[in-house]
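Here's the structure, in structure tokens; my notes come after.
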Amino acid sequence: MIKQEKPLKNTLPDWQRAVIKVGSALVAPGGKGCSTKFLLSLADFIHDSLHQGKEVILVSSGSVAAGAGLTDFDLTQSLSIPEKQALAAIGQSHVMQHWQKLFDEPCAQILLTRSDLDSEKRCLNAKNTINQLTAMGAIPIINENDSVAVDELVVGDNDNLAASVAVTCEADLLIICSDVDGLYDKNPNLHTDAQLISLIKVINQQILSYAGTTHNPIATGGMHTKLQAAQVATRIGINTLIVNGRKSTTFQQLKNAQLAGSLFLAKC
Ligand code: GLU
């Protein structure tokens, strides 16, 4: 992990290893199967970062949404756990094929559960595999092992999974790609005067109170789980960004080392 410096205004802090979380609403928008609609500029940013010798680990959702797109299931209806697990099993290989189409580098699938992360031995094995993959120039792509994880075994959302992966892999940047611009002080869909908070030095009660609930039936988390992830990551020294992954300008800014979205500063 490189030493964290305080960011210059509007400048992305320097980083060497990033975990990038990409939600279902970006990978399989509308629950109608995988789409490149929102992924091309992200892939370009990743490609550019790899070219500079940086390392990128993806945490990708989308298996359930991709599975729904390949069957008659509708994610806006309530689905049973076995139905979701079956859709994840159908969709996961499609998500991987989809990512692979965007990169020349090999894409490597790693499926984890909470119990893997809680077991010192399995967590170390996962870390060693990820390190080996990045050393080989491959792109590790992680998802929760949905078809075996239920109840106490489940992380439950990929925001928290991404934070755990960032901690395990000693990343120095966590980027959570959302479908909103970042953290607002009010719901921007309801309040025209809502302000984007671009720099958060401390995640206090006031910041936590800004998290609304998700209304996107395709997405699992919402701002609440993104703030939980930011808390976990910043606490151990990982700068965390919540950005709008639907906007190609986001990744152009990041490519130019400019800040985008909301930056939660690492506590060093
Ligand atoms: N693992 C789930 C999927 O791939 C998504 C969980 C999440 O997005 O938080 O569909």
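Scanning the stretch 55-107 for residues that are near the ligand (Cβ under 9 Å from one of its atoms), part of a loop (DSSP other than H, G, I, E, B) and of a type in the set (S, T, N, Q) turns up just one, Ser61. Might you check whether a residue that is more than 15 Å from the ligand (Cβ to nearest atom), free of Cβ contacts under 8 Å to residues at least 60 places away in the same chain, of a type in the set (Lys, Arg) and surrounded by fewer than 20 Cβ atoms within 10 Å (Cβ to Cβ) occurs anywhere in the stretch 9-17? Looking for residues that are more than 15 Å from the ligand (Cβ to nearest atom), free of Cβ contacts under 8 Å to residues at least 60 places away in the same chain, of a type in the set (Lys, Arg) and surrounded by fewer than 20 Cβ atoms within 10 Å (Cβ to Cβ), one finds at least one in the stretch 9-17, hence yes.
Yes or no, residue by residue, for (1) polar (S, T, N, Q); (2) surrounded by fewer than 24 Cβ atoms within 10 Å (Cβ to Cβ); (3) at pLDDT below 95; (4) in contact with a Leu (Cβ under 7 Å, 6 or more places away or on another chain):
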site: Gly222; (1), (2), (3), (4): no, yes, yes, no
site: Ile238; (1), (2), (3), (4): no, no, no, yes
site: Val243; (1), (2), (3), (4): no, no, no, no
site: Lys247; (1), (2), (3), (4): no, yes, no, no
site: Leu254; (1), (2), (3), (4): no, no, no, yes
site: Gln258; (1), (2), (3), (4): yes, yes, no, yes
site: Gly261; (1), (2), (3), (4): no, no, no, yes
site: Cys268; (1), (2), (3), (4): no, yes, yes, no
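Each row is one residue, and each column tells you yes or no for (1) more than 12 Å from the ligand (Cβ to nearest atom); (2) free of Cβ contacts under 8 Å to residues at least 24 places away in the same chain; (3) part of a loop (DSSP other than H, G, I, E, B).
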{"site": "Ile142", "(1), (2), (3)": "no, no, no"}
{"site": "Val165", "(1), (2), (3)": "yes, no, no"}
{"site": "Ala171", "(1), (2), (3)": "yes, no, yes"}
{"site": "Ile175", "(1), (2), (3)": "yes, no, no"}
{"site": "Val180", "(1), (2), (3)": "yes, no, yes"}
{"site": "Ala194", "(1), (2), (3)": "yes, yes, yes"}
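Taken together, the residues in the stretch 17-46 that are in a helix (DSSP H, G or I), closer than 20 Å to Ile242 by Cα and not hydroxyl-bearing (Ser, Thr, Tyr) amount to 10. Residues in the stretch 140-164 that are at pLDDT 80 or above, over 26 Å from His47 (Cβ atoms) and of a type in the set (Val, Ile, Thr): Val148 alone. Answer yes or no as to whether Arg122 is touching an Asp or Glu at 6+ places or on another chain (Cβ under 9 Å) and free of Cβ contacts under 8 Å to residues at least 12 places away in the same chain. Here the answer is yes, as Arg122 does meet what is asked.
The values are calculated or read from the model by the stated rules, or taken from the named source; none is laboratory data. Just so it is clear, the model here is predicted, and its values are computed rather than measured. For neighbour counting, all protein chains shown are included, and Cβ atoms are generated from backbone atoms with ideal geometry for every residue, glycine included.
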